[in-house]
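Enquirer: Starting off with a structure, shown below.
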Amino acid sequence: MQDKEKIPGCRLGRRTFLKATGVLGVTATGAGLKPGLPNVGVADTKATSGGEIRRSICDMCCLGRCGIEVFVKDGRATRVQPFKDYPNGPICVKGNSILFQLYHPDRLKYPMKRTKPKGSSNAGWQRITWDEALGTIAANLTKIKQKYGAEKVLFYAGDPKDPVRPNLQRLALKFGSPNYGTESSVCHRAIIVAQNLNGAASAGLTPATRALIIWANNSAWSQPRSMGEIFKAKERGVKIIDVDPRIAPTTKLADIHLQPRPGTDGALALGMSRVILHENLYDKEFVLKWTQGFQEFGSYVQQFTPEKVEKITGVPAGKLVAAARLYASNKPTGWLTSASPTVHHWNGCQNHRAISAMTALTGAVPVPGLEPSTPALSFRDITESRTLLPPLRSKRVDLKDFPVWEQFEPEIQINRLPEYVKDGVLRAGLFVGCNYRMWPQDQLYAKAISDMDFTAGADFWLTPTMELMDIVLPAATSLERLGPINIAGRTVFLPQPVVPPIGEARGDMEWMWDLAKHLGMGAEFWNGDVMATIDSQLEPLGLKAADLIKAPKGIVIPPSTTPAGKPGFKTPSGKFEFKSSILEKAGFDGLPTYKEPPEGPIAAPQTAEKFPLIFNTGSREPMYTHSRHRNNPRLRELQPNPKLDINPKDAQARGIKQSEDVIVETPLGRITVKANITNIAQPGVVHVFHGWPQADVNTILPRTFDPITGFPAFKSQLCQVRKA
Amino acid sequence: MQKGFYLDTERCMGCHTCEAACKNWNGVEPKITDKPGAQGPKWRRVTNIESGAYPNAQIISVSLSCMHCGEPACVAVCPAGAISKRPEDGIVVVDQSKCIGCHYCFFACPFGVPQYGSSGTMQKCNYCLDRTEKGQEPACVNSCPALAIRAGTMDELAKYTQERLARQLAGSTQPSMLISR
């Protein structure tokens, strides 16, 4: 498997080159599709020249919202290219494949209702009108509200993370339910909770940064557009430390690469903190003036000697010391993290806090209000959650389960959905996109959704989750709808439909507002007028929807400076809290203590005898967004099968060959995937991407939740791998 | 003036954007197969190359397409006269209407560039002539988030890469391709 040849640049012999590029063995004729691979007909393969360029936003992932230019000829999109003048971009491999989503034959085209009872092998979907669909939804939600209370209705938003979420929360709150939840119950928000507990986010990469720690971030594959800034930083001499169990494209930019065992980030950060304190490399002024609990933190980290940390994390003691020195000796420092890898562990929130504390020692956390600032642009919050949520707070379903989360988050922590449905706490749901496969033991979530008295969902496809609904609604993609407003840097942009919608698909904002009218709340929803709503959202920016309609590249708002105010952190002490008073009050450790993953090799040695490999799931692949795009032929051809990344050493020990079927087994079950033997994985750790229906990692992961944030431990389980 | 490509392997990060942008722009059909190496047709291909072992393993990514060789072997062997090298810029183009699908070019090309879709005739990178003749970058270059690929005349590329220790790819066919070391 291993190619010993490094690419020599000047001398590539023919065979070497062919081997390297995987060209050998290419058959010239088109092989037919094998059973099990999706039959993906259609599409835009006839790219025609010419046509008018129209601009929009790409919705192929949840965080990009990159600008996209679409060539439209005779009302049909034919090609796309990056929208170069837009701050977010260029579009990635997914964006370049967007037309296969737009024109996919399996798109949901009309509202439909179930005609067979739930649990039937076939729902008997029957086409209905939008009026009947929204009328039925309104009647059922009202019935539940009258019989049991409005809070029994769940309002849920899945991926993509769209600015349309505030609209749904407004609908929930005006309806009378505080139980608005999203897929952020497993993504990103735990990081915000951890930051808020400590006090503020650390600085990222700025023009002043001299040392950057990239901790669990592979933007090359999750958000390629942001790599440009990292390359620039490298070229200007910024020292880079990459903390990633894998070898990622980012790794080759690193001066030092640390590969901890997944789930041990906290120990690594505490070990680095010890070095920084011992060698007197910390920012004394910041620590003395702006932090709380420094002495206790200093005492706590004493036990994390480099040797002990090596035993826990697998990171060589010498490398840890070198990384801590390099980082703390090159101030100002910065920290790039990503949405979830550090918090997808049972001790995730504390681990993340420990990293934050380590960066704080180097002065990386700017004190809010100390310096004049340039606030990011934002539009008016139409949720009105500040006034509408407090009176409903006592009816939040997550109040007792996750009190720390509840203090910070205006949306509920929804990960105990099966219990809430079983206990009758939630009885109906409106799902604006939802994927039950995102939760560990996902079959319980499918059952919970199916067991609700009434459910309705909107999506692009009749997904396995939508199959559980009573009513499904066809959602328009970003290329077919008006809005929502997109802000990128200083640019405010209002996407307009570039092509007519497929079938009767409608924008989420549009149908939600229509539903509000059916619920008798039209007056509170601008009588369903989307343009009037956008006008209201834009008011603080001094813009009107009509201005943006006339600005096909958006409107740039010059930066304005907010003068320095009363400096201080938004914590009870007003300081950065090494020791969190909020956590202590809630019965947790105030310090960012390190605890072993309960299902890991140290905490569960007996399990580890039978399941000796660390099972890490959820790291991004370039071509997929979670469970999406498996039906997109241009993306599927890049990665046709679920695969397991396994180190050559581990593969050899098991007699596993490249691309053959292997079984991944945990105490909860097994899945079958193809082996990919690669140095991306370090010895002892294997990786499987999530969201494959035929090899769903979440069916074999336990419901182990971080008690502070409720986030599932997706990344530090145990497994065994063997030939199928 | 011979035109060609430069690839910076320090920057290429294996994100496949160029591959998809190429297929999107040129309307290249997708083909899904789990037979290793049988994906295609691809006018541009991204590959990861690994070397060494933990803890000193290295992984680099390369993105390659037709090299528009100075002495293209495909042109020399084509019995139908379907492949030609444009005198003005050295771009190697294929005339689909003349191609008989014999695959001679596939076996002659040192780099495995010629591709075959459902039509059976040969297809490959045409340097996005419908863009480059208008002064635009080829789709791959235009889309690369890492600015890892560059297009231009070989003189321009040589000048650009002077400080970057790039070398021209070696081969009897004189590939018009520079790659960083």
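No value in this document is a laboratory result; all are computed from the given coordinates. Keep in mind that what you see is a predicted model, and the values were worked out from it rather than measured. Neighbour counts run over all protein chains shown; Cβ positions are idealised from the backbone, glycine included.
Enquirer: Counting pairwise Cα distances across the range A:349-475, what percent come out greater than 16 angstrom?
Expert: Cα-Cα pairs in the range A:349-475 separated by more than 16 Å: 74 percent.
Enquirer: For the range B:113-171, what's the radius of gyration and Dmax over Cα atoms, in angstrom?
Expert: Spelled out, the Cα radius of gyration and Dmax of the range B:113-171 are 14.3, 44 Å.
Enquirer: Return the sequence-ordered ³J(HN,Hα) values of the range A:411-424 in whole Hz as given by the Karplus equation 6.51 cos²θ - 1.76 cosθ + 1.60 applied to θ = phi - 60°, using x for Gly and Pro.
Expert: 10, 6, 8, 9, 5, 9, 3, x, 5, 5, 6, 4, 7, x
Enquirer: Give me the percent of Cα-Cα pairs in the protein assembly as shown that sit more than 40 Å apart, rounded to a whole number.
Expert: That fraction is 41 percent.
Enquirer: Pulled fully out, how much extra length does the chain show between A:Glu132 and A:Gln606, if you take 0.36 nm times their separation in residues and subtract their Cα-Cα distance?
Expert: Value of the extension gain: 164.9 nm.
Enquirer: Starting from the Cα of A:Lys319, draw a straight line to each of the aspartates and glutamates and keep only those under 16 Å, dropping any in the same chain fewer than 8 residues away.
Expert: Within the straight-line cut-off, A:Lys319 pairs with A:Asp242, A:Asp244, A:Asp255, A:Asp265, A:Glu279, A:Glu307, A:Glu310.
Enquirer: Would you look at the GNM of chain B, springs on alpha carbons closer than 10 Å, and say which of B:Ser119, B:Ser84, B:Ser51 moves the most?
Expert: Highest fluctuation of the listed residues: B:Ser51.
Enquirer: Among the listed pairs A:Lys145/A:Lys422; A:Lys575/A:Lys715; A:Lys84/A:Lys566, give every one whose C-alpha distance is greater than 28 Å.
Expert: The pairs that break the limit, which is 28 Å between Cα atoms, are A:Lys575/A:Lys715; A:Lys84/A:Lys566.
Enquirer: Separate question: In nm, to one decimal, how far is the A:Asp381 label point from the A:Ala653 one, both placed 7 Å along Cα→Cβ?
Expert: Here the modelled spin labels are 5.1 nm apart.
Enquirer: Another question, then. Please report, in whole Å³, the volume per residue of the convex hull around the C-alpha atoms of the range A:495-583.
Expert: Cα-based convex hull of the range A:495-583, divided per residue, equals 241 Å³.
Enquirer: Rank these for me by crowding, A:Met469, A:Met112, going from fewest to most other beta carbons within 10 Å.
Expert: In order of increasing Cβ crowding within 10 Å: A:Met112, A:Met469.
Enquirer: How would B:Ser176, A:Ser573 line up from fewest to most surrounding beta-carbon atoms within 10 angstrom?
Expert: Final ranking by Cβ density, sparse to dense: A:Ser573, B:Ser176.
Enquirer: For the range A:606-663, what is Rg from Cα atoms divided by 2.2 N^0.38 Å, rounded to two decimals?
Expert: My calculation over the Cα atoms of the range A:606-663 gives 1.39.
Enquirer: If you average 1/r over every pair of different alpha-carbon atoms in the range A:188-231 and take one over that average, what Kirkwood value in Å do you get?
Expert: Mean inverse Cα-Cα distance, inverted, gives 12.2 Å.
Enquirer: Go through the range B:92-158 and name the trypsin sites (Lys or Arg not before Pro) that are in a DSSP coil and have 14 or fewer other Cβ atoms within 10 Å of their Cβ.
Expert: B:Lys98, B:Lys134
Enquirer: Sticking with this one: Roughly what % antiparallel, to the nearest 5, for the DSSP beta bridges in chain A?
Expert: 50 percent
Enquirer: Show the residues, 5+ positions off or on another chain, whose built amide H is closer than 5 Å to the amide H of A:Gln717.
Expert: A:Phe615
Enquirer: Determine one quarter of the surface area of the Cα convex hull of the range A:185-258, which equals its mean projected area, and express it in nm² to one decimal.
Expert: 5.7 nm²
Enquirer: Which value, to two decimals, describes the C-alpha radius of gyration of the range A:414-508 once divided by 2.2 N^0.38 Å?
Expert: 1.31
Enquirer: Can you give me the C-alpha center-to-center distance between the range B:52-86 and the range A:346-390, rounded to a whole angstrom?
Expert: Cα centroid of the range B:52-86 versus Cα centroid of the range A:346-390: 49 Å apart.
Enquirer: Answer rounded, prolate or oblate for the range A:605-723, using the Cα gyration tensor with square roots of eigenvalues a ≥ b ≥ c: rounded when a/c is under 1.5, else prolate when a/b is larger than b/c, else oblate.
Expert: Verdict is oblate for the range A:605-723.
Enquirer: Moving on. Could you work out the equivalent-ellipsoid semi-axes for the range A:648-713, taking the square root of 5 times each eigenvalue of the Cα gyration tensor, largest first, in whole Å?
Expert: In descending order, the three semi-axes are 25, 14, 10 Å.
Enquirer: Still on this structure: Long-range amide H contacts for A:Ala476: which residues qualify at under 5 Å (H placed 1.01 Å from N, peptide plane, sequence gap of 5 or more or a different chain)?
Expert: HN-HN under 5 Å from A:Ala476: A:Arg506, A:Gly507, A:Asp508.
Enquirer: Distance between Cα centroids, the range A:182-204 to the range B:113-181: provide it in whole Å.
Expert: Each part reduced to its Cα centre gives a spacing of 43 Å.
Enquirer: With no solvent and one point on each alpha carbon, what is the Debye value of log10 I(q)/I(0) for the range A:120-269 at q = 0.11, 0.14, 0.16, 0.21 Å⁻¹?
Expert: For the range A:120-269, the Cα-only Debye profile gives -0.69, -0.87, -0.99, -1.44.
Enquirer: In square nanometres, what is the average projected area of the Cα convex hull of the range B:35-171?
Expert: Average projection, Cα convex hull of the range B:35-171: 10.7 nm².
Enquirer: Can you work out ³J(HN,Hα) from phi for every residue in the range A:507-523, in order, using Karplus 6.51 cos²θ - 1.76 cosθ + 1.60 and θ = phi - 60°, giving whole Hz and x for Gly and Pro?
Expert: Residue by residue, the range A:507-523 yields x, 4, 4, 4, 6, 5, 5, 5, 4, 4, 5, 4, 7, x, 10, x, 4 Hz.
Enquirer: More than 28 Å apart: what percent of Cα pairs in the range A:422-580 qualify?
Expert: Above the 28 Å cut-off, the range A:422-580 has 46 percent of its Cα pairs.
Enquirer: Could you compute the FRET efficiency for A:Thr561 and A:Arg236, with r as their C-beta to C-beta distance and R0 at 22 Å, rounded to 0.05?
Expert: E between A:Thr561 and A:Arg236, to the nearest 0.05, is 0.30.
Enquirer: Could I ask something else about it? Could you state the per residue volume, in Å³, of the convex hull enclosing the Cα atoms of the range A:83-138?
Expert: Dividing the Cα hull volume of the range A:83-138 by its residues yields 179 Å³.
Enquirer: Where in the range A:350-407 are there trypsin sites (Lys or Arg not before Pro) that are in a DSSP coil and have at most 10 other Cβ atoms within 10 angstrom of their Cβ?
Expert: Passing sites in the range A:350-407 are A:Lys400.
Enquirer: Give the cross-link partners of B:Lys85 among the lysines, using a straight C-alpha distance below 18 Å as the criterion and excluding same-chain residues fewer than 8 apart.
Expert: Those lysines meeting the cut-off are B:Lys3, B:Lys98, B:Lys124.
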